[in-house]
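Okay, so here's the structure we're looking at.
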């Protein structure tokens, strides 16, 4: 983090500064996983209810000025192996960051929904959705997607999950995957 902060001090290009900022958010998501592991009695499982609440609190602190956005959180009592917790946390980070940055106009009220629920035996559905404006007209997320979207696709494949990104009326990111047993 210190290296990124030092590098940012020497940059003046807004795109480069934005890339460094997004990298910091990704590193914080992974750092929180490691913190949870070290504080846990079980060094292999992450309590996702607790983790997701802390991740959202960290993003709210980082972005600031999010009083107009309400986070509706519905997380089942899920404990994930670290091999799944890391990709899930990075998917969450990307989808939440995109919703915070793009779903709503400045000072506009909105809701970001976050859920992780069982849909069957050991089958989970991670869903991040917003009540925002959706994609710009003519935007195809699968052909014109950003690095963050590509990262979500890759992480979903890592989970051996099924990814769906759609407008509903804002944007919804859903990943269905099978929970690994430790």
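Evaluate the following for residue 99: is it closer than 30 Å to residue 45 by Cα, surrounded by 14 or more Cβ atoms within 10 Å (Cβ to Cβ) and touching a residue at least 40 places away in the same chain (Cβ under 8 Å)?
Values: closer than 30 Å to residue 45 by Cα: yes; surrounded by 14 or more Cβ atoms within 10 Å (Cβ to Cβ): yes; touching a residue at least 40 places away in the same chain (Cβ under 8 Å): yes.
For residue 99, the condition - closer than 30 Å to residue 45 by Cα, surrounded by 14 or more Cβ atoms within 10 Å (Cβ to Cβ) and touching a residue at least 40 places away in the same chain (Cβ under 8 Å) - is met.
Residues in segment 46-98 that are touching a helix residue (DSSP H, G or I) at 6+ places or on another chain (Cβ under 9 Å), over 18 Å from residue 158 (Cβ atoms) and in a strand (DSSP E or B): 47, 69, 71, 73, 75, 79. Tell me whether segment 26-40 contains one or more residues that are surrounded by 14 or more Cβ atoms within 10 Å (Cβ to Cβ), more than 22 Å from residue 147 (Cβ to Cβ), at pLDDT below 65 and in contact with a helix residue (DSSP H, G or I) (Cβ under 8 Å, 6 or more places away or on another chain). Yes, that holds for at least one residue.
Sort out for me the strands (runs of 3 or more DSSP E) sitting completely within segment 103-182 that have 3 or more residues that are crowded, with 16+ Cβ neighbours inside 10 Å and either under 14 Å from the mean Cα position of the chain (by Cα) or at pLDDT 90 or above (or both). Even if it seems obvious, please write down each step before you answer.
Working: elements: 110-120, 123-130, 162-167, 171-178.
Strands (runs of 3 or more DSSP E) meeting the threshold: 110-120, 123-130, 171-178.
The values are calculated or read from the model by the stated rules, or taken from the named source; none is laboratory data. Quick caveat: nothing in here was measured; it's all calculated off a predicted structure. Don't worry about glycine lacking a Cβ; one is built from the backbone with ideal geometry, like all the others, and counts go over all protein chains shown.
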